[in-house]
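Comments concern the structure below.
Read-outs throughout are calculated quantities, based only on the coordinates presented, and are distinct from any laboratory measurement. As the structure is a computational prediction, the values presented were derived from the model and not from experiment. We place every Cβ from the backbone using ideal geometry, glycine too, and count neighbours over all the protein chains shown.
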Amino acid sequence: MRFCLTLLVFLLATLAPARADMMDAAFDRAISQFETARQKLPAELFGVDVAAYRAALTFRKFTSSHWGGTITMRVENGSETNNSCSRYAAFVRLPPSEGEVSLVLCPQFSTDGADALRTLTILHELVHVVAGPNECRAMAFAAHVEQAATGRFTDVGSYWRANGCEGSSFSLP
């Protein structure tokens, strides 16, 4: 019995660092992709202040013309019991409260073999952190960053149509 309890404690202790490593790796890939693309981006793209976006992505703190004032981003883990986590890999709690906005990473974010999707998710969700809840803006910005960095972008056609983005002022590369 004691062995089983020790094993359980060990397994639980190793889960959190693995998820943290996965999150750090996703942020590192997103930062790298953004930095590669940044020289090809204008100062503002689709209403997203590129300098504020960079600060949020890299330092998790930025000055926001959209939200007003200085905003700090906190990353937290969601659970499968959270309604939004049942539908998304990640989401942002908006609007910011007391100068802080939360990026919530759901269990699906940690799916094995989904490195590219995690990177795109971070790029997408950070648009919400900086510029608000518009899904079409977030996807267009993330796709443009991906295109500028790699020469291609993830096919998000079904997501684009599901959110009615064809009729928006935003566009995919």
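Report, in debye and to the nearest 20, how large the dipole of the chain comes out about its Cα centre when Lys and Arg carry +1 and Asp and Glu carry -1 on their Cβ.
Here the chain has a charge dipole of around 100 debye.
Rg and Dmax of the chain over Cα atoms: what are they, in angstrom?
17.2, 62
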